[in-house]
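Take a look at the structure set out below.
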Amino acid sequence: MKFTDFGFDGRLMEGIDASGYEDATPVQAQVIPLIMAGKDVIASAQTGTGKTAAFLLPLINKILTDPHEDHTNNALVIVPTRELAIQIAQHMEGLSYFTSVSSIAVFGGGDGNAFVQEKKALSHGADVVICTPGKMMAHIKMGYVKLKGLKYLVLDEADRMLDMGFYDDIMFIISNLPKKRQNLLFSATMPHKIREMARKILHDPAEINISISKPPEKIIQEAFIVYDTQKIPLVKFLLRKKDFKSVLIFCSSKISVKQLTRELRRSALPADEIHSDLEQSKREEVLMKFKSGRLSILVATDILSRGIDIDNIDLVINYDVPHDGEDYVHRIGRTARAAADGTAYTFVSVKEQRKFLAIEKLLGKPVTKATVPAELGQTPEFNTAAGSRQGGDKRNFKRPMRAGGNAGNRRPN
Ligand code: AMP
């Protein structure tokens, strides 16, 4: 699903574009229309699924386009840790960069100066307040936080908040909010106590479940950090190094499928291709050859990543980084089916590093970085900061906001 399908304001679209997002992730595709329609939502979604933008984007759009009171805090996002508050504030800053929507991050552990800044912002009113429960409760108790016009409440990582003992703080904060508001609850897991809490807070919520399957442990996963120009030589090197019986190579576009197949054939590697430009009968013929073992190297677009049963594939190569974690799991799941072992290599170019980091986050651990043979030349560094907003974006972001940031007054450097 494209972001243009949601009918977002043009200023927000600029922020999405500048953040480098192209298609919506599955959680975004499901959650955004519901939030836009004013529904309460309870969603089970882990970190790495794009859940932050799934709630920030519709909130920013609503604040931009729906009438709301000035000089009040409009949306409250409650999160378990200061790290998450900072991360969401950075997301917020990037996505709202071209809008007049303001935001502040309010979390514990700061100095007196930070408290004064937070107090000033909360008593003046910010559009989006991203806070940890204890600190927000402390501010509310002092009586200056403007909450009368608040319209949106988000509880992020709700299961973690309950595990950390924040239930009472959260309920205290909520008891100070207007009754009529839109509520969104995100949680990686849905134990009974979360459902109980949801029952008290949400009104007739739509329920979304984005459970990401993990790849089987027995698949050997490795990533090669390369320049784009090194990808073709690297495929050839790997295919020659070991005698793989059945190799499936995924490319993100038809063009790269065709180009890679041509190159492999030129080097006498027996490859064929499958993509949507081919007639159905031709596709079936190629697939049959591959399944029966008469063809050992198949280069394909994502049409083959889901649901097609091919056993005995011993190597999957992600020639391009898949779009999201779900695609990654489906693609590499083509190998090591049943009892067999399998290997999955992923080629990560410089511009794909951020996407790959998001996938690693979803998998819950980094994928081993393999050494590129010296004969292919120097390789780029793997920049783990590319996963944060500052490193991976097309423009420089300011430091994470502490308080009182008004994105509308900022202009790109
Ligand atoms: P989250 O699950 O919210 O922690 O997001 C995980 C990562 O995915 C973050 O680095 C986001 O910037 C990134 N991300 C979120 N939505 C998209 C999208 N539609 N396309 C590409 N990257 C995204």
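The values are calculated or read from the model by the stated rules, or taken from the named source; none is laboratory data. None of the values given here were measured: they were computed from a predicted structure. Virtual Cβ from ideal backbone geometry, glycine too; neighbours counted across all protein chains shown. Note: accessible area is taken over every heavy atom of the protein model, side chains too, but ligands, DNA and RNA are not part of it. Shrake-Rupley method; radii C 1.70, N 1.55, O 1.52, S 1.80 Å.
Answer rounded, prolate or oblate for region 219-396, using the Cα gyration tensor with square roots of eigenvalues a ≥ b ≥ c: rounded when a/c is under 1.5, else prolate when a/b is larger than b/c, else oblate.
Cα axes put region 219-396 in the prolate bin.
Report, in deg cm²/dmol and to the nearest 500, the calculated mean residue ellipticity at 222 nm for the chain, where each DSSP H run with n ≥ 4 adds -39500 (n - 2.57) and the sum is divided by the residue count.
Result for the chain, helices only: -11000 deg cm²/dmol.
Checking the table LYS39/LYS200; LYS214/LYS361; LYS51/LYS369 against a 22 Å threshold on Cα-Cα, which pairs fail?
Those over the limit are LYS51/LYS369.
Which aspartates and glutamates have a Cα lying under 13 Å from the Cα of LYS245, excluding residues fewer than 8 positions away in the same chain?
ASP311, ASP314, ASP341
With every protein chain present, what accessible area does GLU375 have (1.4 Å probe, heavy atoms only), rounded to the nearest 10 Å²?
150
Got the relative contact order for region 219-396 handy, in percent, Cα pairs under 8 Å and 6 or more residues apart?
32
Could you work out the relative contact order of the chain, using alpha carbon pairs under 8 angstrom and six or more residues apart, expressed as a whole percent?
21
Considering only Cα-Cα distances, which of the following residue pairs are longer than 23 Å: LYS218/LYS351; LYS62/LYS146; LYS2/LYS355?
Among LYS218/LYS351; LYS62/LYS146; LYS2/LYS355, the Cα-Cα distance tops 23 Å for LYS218/LYS351.
What nm distance separates the two modelled labels at ASP70 and LYS282, each placed 7 Å from Cα along Cα→Cβ?
Once both label points are built, they end up 6.2 nm from each other.
Between ASP228 and ASP163, what is 0.36 nm times their sequence separation minus the Cα-Cα distance? Round to one decimal in nm.
Value of the extension gain: 19.0 nm.
Past the 37 angstrom mark, what percentage of all C-alpha to C-alpha distances in the chain do you count?
Every Cα pair in the chain considered, those over 37 Å come to 32 percent.
Enumerate the aspartates and glutamates that LYS193 could reach by cross-link, defined here as Cα to Cα under 20 Å, with residues fewer than 8 away along the same chain left out.
ASP40, ASP156, GLU157, ASP159, ASP163, ASP168, ASP169, ASP204, GLU207
Across region 41-46, in residue order, what do the Karplus-derived ³J(HN,Hα) couplings come to in whole Hz, using 6.51 cos²θ - 1.76 cosθ + 1.60 with θ = phi - 60° and x for Gly and Pro?
Couplings: 9, 10, 10, 9, 8, 8 Hz.
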